[in-house]
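**Q** Please see the structure below; I have some questions.
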Amino acid sequence: MASGGSSPTKPFSPGLPASPTLKELLQFKMMFDTFETMGLKPKGSNAKELNEWVSNFNAEKLSEKEKKPSKMSLTLPKETVPKLKTEEKPIQEKSTTVFSQPPKVRCFSGGDNKGDLQYDIWRYDVRMMLMDPSYSKQQKEFAIRRSLTGSAARLVMHQGMEKPIDQIMEVLDSVYGTIDNKEQLLAEFYSARQREDEDVTTWSNRLQDILGKGLGTGIVSHQEMNSMLHAMLWTGLRQELKDISGYKYDTIKDFNQLRVALRQLEKDHQPKKTKPNTAKAATTTIKENTHEYEELKGMVQQLTHQFTELRQQQQQQQPQEQLQQQPQQQYYRGNNFRGNRGNNRGRGRGGQ
């Protein structure tokens, strides 16, 4: 300390936390770069060492100030190394959990198996799986390849294992995807009519399925679907239901709300099924069964009587046949044995 002058004041040096946060590290880096930009050579690998360097730098400048006018003095701002409160906890970044096993996708065989999953349903499962952030890209590609069987698996197998999955999907779309153009799709949609065995729910679902084919290819947009389905739902109804639902079509402009109203009308005008009288039905069934039993019993008795007569006739014919066969047997025996002896004897006696 120089004579005649006041003792230099020690610059402010705040305490340091045990472990610096991300904010503290950023402030330390910003101050370090600022000193270097000013042409200085700061020292220190953390905020505490930098603070000590600033303190020594200010002390040197103050000692030089007593000898000559000072040119520059540095003061570390208080917010450079802020103190952490004991209650505060470091901010943790959000992390995404990645599963070790690949996701599951329902199998698609290309139509080889009866009752197999349709391609548009399988394609929907794949799109939902690709949107899941819990799985890696390799796991998703493995799940798609593993879900293919039959001819579809052979088609992908010939493409090679190194081909990207987006190109694989283009190949599958070209083979199994819809090929209807706009004119064909709209012709099928506007010519559709409710069948006799279809209720309103089944009829509306069939309309949505026809029009939904054009969403993936860009033939129809989501904005057009409501108005088109609303019009065809009522236009294609059976005539008996269409006659009593015209006011619903005029007042309701939303497709789903119109479907609910038509289902209610269909339920209200559906003929009620009358329950038959259980006692009468049981009595009638018993009578019918008894009548059938009597008929069968009579037929069996008649067949038994006819069989008995045939058996008696056969028994009567057998003794007569035996009597007819006995003289013939005796005749043959006489001719073979006795007759020959008689002939020989007769010839001998006649010669005598």
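The values are calculated or read from the model by the stated rules, or taken from the named source; none is laboratory data. Treat the numbers as computed from the prediction; the structure is a model and nothing was measured. Note: ideal-geometry Cβ built from the backbone for every residue, glycine included; neighbour counts use all protein chains shown.
**Q** Using the structure shown, decide if P82 is in a loop (DSSP other than H, G, I, E, B), surrounded by 12 or more Cβ atoms within 10 Å (Cβ to Cβ) and at pLDDT 70 or above. Write out each step before concluding.
**A** Details: in a loop (DSSP other than H, G, I, E, B): yes; surrounded by 12 or more Cβ atoms within 10 Å (Cβ to Cβ): yes; at pLDDT 70 or above: no.
So P82 fails the test.
Results for (1) of a type outside the set (S, T, N, Q); (2) in contact with a Leu (Cβ under 9 Å, 6 or more places away or on another chain), shown as yes or no for each residue.
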{"residue": "L148", "(1), (2)": "yes, yes"}
{"residue": "S151", "(1), (2)": "no, no"}
{"residue": "V156", "(1), (2)": "yes, yes"}
{"residue": "Q159", "(1), (2)": "no, no"}
{"residue": "D173", "(1), (2)": "yes, no"}
{"residue": "K182", "(1), (2)": "yes, no"}
{"residue": "A187", "(1), (2)": "yes, no"}
{"residue": "S191", "(1), (2)": "no, no"}
{"residue": "T202", "(1), (2)": "no, no"}
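**Q** Please go through region 254-270 and pick out each residue that is in a loop (DSSP other than H, G, I, E, B) and at pLDDT 90 or above.
**A** Just the residues of region 254-270 that are in a loop (DSSP other than H, G, I, E, B), to begin with: 254, 269-270.
Within region 254-270, D254 is the sole residue that qualifies.
Yes/no matrix, rows are residues, columns are (1) under 14 Å from D120 (Cβ atoms); (2) surrounded by 15 or more Cβ atoms within 10 Å (Cβ to Cβ):
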position	(1), (2)
Y190	no, no
R195	no, no
W203	no, yes
T217	yes, yes
S221	no, no
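**Q** Kindly indicate the residue of region 187-202 that is out of contact with any Gly (no Cβ under 8 Å at 6 or more places or on another chain) and in contact (Cβ under 8 Å) with a residue 24 or more places away in the chain and also farthest from I144 (Cα to Cα) among those meeting that condition.
**A** Here is the first cut: in region 187-202, the ones out of contact with any Gly (no Cβ under 8 Å at 6 or more places or on another chain) are 187-191, 195-202.
In the following step, the residues that additionally are in contact (Cβ under 8 Å) with a residue 24 or more places away in the chain were identified as 189-190, 196, 199-201.
On the way: F189: 32, Y190: 36, E196: 41, D199: 37, V200: 36, T201: 33 Å.
By that ranking, first place goes to E196.
**Q** Next question, about the same structure. What number of residues within region 149-188 are under 21 Å from the mean Cα position of the chain (by Cα), at pLDDT 85 or above and under 30 Å from W203 (Cβ atoms)?
**A** Summing the residues that are under 21 Å from the mean Cα position of the chain (by Cα), at pLDDT 85 or above and under 30 Å from W203 (Cβ atoms) in region 149-188 gives 2.
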